[in-house]
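Remarks on the structure that follows.
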Amino acid sequence: MYLTKEEERMLRGDYGYGYRKAMEILVALGEIYGADRLIDIESAHISGVSYKNLGDEGLDFLKEMARDSRVRVRTTVNPGGFDLGQWRQMAIDQGFIAKQLEVINTFRRMGVEATLTCTPYYSQNLPRRGEHVSWAESSAVTLINSVIGAYTNRESGISALASALVGKTPNYGLHTYEGRGPKITVEIKFRLREIHEYGILGYLVANRIGNLIPYFKGLGRPTIDMVKYLSASLSTYGGIPMFHIENVTPESKNYEPPTERIVIDEKEFKDTSRRLRDDLDAVDMVWIGCPHASLDEIKYVADKVRGRKLIKRLVITTSRDVLLEAMKEDYISVIRLAGGEVYADTCIIVSPMGAGLKGVLTSSSKAYYYLRGVNKSKVYVASIDKCIDFALGGEL
Ligand code: F3S
């Protein structure tokens, strides 16, 4: 891979330990994937920020990097282990809080913004079309590649940090025209109606096509929340970094629909929906907000629970910016008055608060994967409407 004189100096260690390490990571990646050079990026987004994921080893690595290096582009981060304003209500262990704050402060020393959300594109960090960026958080990667037309590979937390420090990323894969081309046409033969159904569709498509980039036909014109759910499932179940929707997504006109094709009908979709419903003995939490809830989703919940009392535990996770917006509109006070909990900066998967949950009702097919795998919970995926009705005392 070609390196400029400055990049060579960085790699040699002339700029200090952090930049040398970062360059080593980028050069190794570039060589594995056949990149010709490094290209400038406009922003970075780092995942794996919870102390629950990092542990002491990860924290020590970050502290080493922070000794002498600072990010060169706007850099945001994924959720951590608790809500910075509500750790008491969340009953988080003091030792964990101290370690998580150390992680956040270490990032801040490097110039990283402690946005602590997996949906930075709702407000804090929205790339522009055609911009090269280096993002981790697979659901956000798939969304910004597909819907916004930004260019990023599926980075890990470490490679996104390395890119943030150097301000560059290796030029391969999704940074190239060829790497973004669709490989299979996916024809949808029925109408999807609700947001959560896009998550189920993503699960189904990923299970059928693996990690190929799909070109959707018959998907209509989904909203940003719908494609958020679709992106989350395509990336979780198939590692799919991008999709095209005919006449909708910005690059769909740049490519011909591939001749290899699958068809998905309503029967297959309904059968798949049933597969995402475990037999629950008990439901100890209803969770909305994976990926982090939008203002529209929070408004929807507030409108449904206004003036009522929740019977089951309802938890909503969102970004701090969206939380503040929702507070201005009074949605949060309405939900809290009904007995619901709303947290920013964190989620049930990366926070210790998710430990020991036996049964969870959620609108998210991505959460289905992680709650079962990480938390060993039983999970039932349903519409936001059904989730709230159940939390209000209804039947499943
Ligand atoms: Fe976000 Fe946590 Fe889901 S980081 S995508 S809410 S698992």
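Every number here is computed from the coordinates shown, using simple stated rules; none is lab data. The structure displayed is predicted, hence computed values, not measured ones. Here the Cβ is made from the backbone with ideal geometry for all residues, glycine too, and neighbour counts use every protein chain on show.
A cut-off of 5 Å between modelled amide H atoms, ignoring neighbours fewer than 5 places along the same chain, links V342 with I316. Over the Cα atoms of the range 69-181, the radius of gyration divided by the Kirkwood radius equals 1.02; this is the Rg/Rh ratio.
Using C-alpha pairs under 8 Å with a sequence gap of at least 6, the mean separation divided by the residue count of the chain gives a relative contact order of 17 percent. When Rg and the Kirkwood Rh are both derived from Cα coordinates, the Rg/Rh ratio for the chain amounts to 0.98. Applied to the range 6-18, the Karplus parametrisation 6.51 cos²θ - 1.76 cosθ + 1.60 on θ = phi - 60° returns per-residue 3J(HN,Hα) values of 5, 5, 5, 5, 4, 5, 6, x, 5, 9, x, 4, x Hz, with x for Gly and Pro.
Considering only S333, S123, S319, the mean-square fluctuation computed in a Gaussian network model of the chain, springs between alpha carbons under 10 angstrom, is largest for S123. Among beta bridges from DSSP that stay inside the chain, the antiparallel ones total about 10%.
Computed 3J(HN,Hα) for the range 98-108, one whole-Hz value per residue from the Karplus formula 6.51 cos²θ - 1.76 cosθ + 1.60 where θ = phi - 60°, is 4, 5, 5, 5, 4, 4, 4, 5, 5, 4, 4, glycine and proline marked x. Along the axis of the charge dipole computed for the chain (Cβ charges of +1 for Lys and Arg, -1 for Asp and Glu, origin at the Cα centre), the listed residues G130, I311, Y215 are led at the positive end by I311.
Evaluating 6.51 cos²θ - 1.76 cosθ + 1.60 at θ = phi - 60° for every residue in the range 113-127, the Karplus couplings come out as 7, 7, 6, 6, 9, 8, 10, x, 6, 5, 7, 5, 9, 10, x Hz, glycine and proline recorded as x. Under a model in which nothing but the beta-carbon of Lys, Arg (+1) and Asp, Glu (-1) is charged, the chain shows a dipole of about 440 debye around its Cα centre. Residue pairs exceeding 23 angstrom between C-alpha atoms, taken from K304/K328; K217/K304; K183/K267; K304/K376: K217/K304; K183/K267; K304/K376. Among A35, A91, A162, the largest mean-square fluctuation in a Gaussian network model of the chain, built with springs joining Cα atoms closer than 10 Å, belongs to A91. The amide H of T75, built 1.01 Å from its N in the peptide plane, has A44, E113 as neighbours under 5 Å, considering only residues 5 or more places off or on other chains. For the range 285-391, the extents of the C-alpha atoms along the principal axes are 36, 26, 20 Å, listed from largest to smallest.
In a simple Cβ point-charge model (Lys, Arg +1; Asp, Glu -1; nothing else charged), the range 181-275 has a dipole of about 140 debye relative to its Cα centre.
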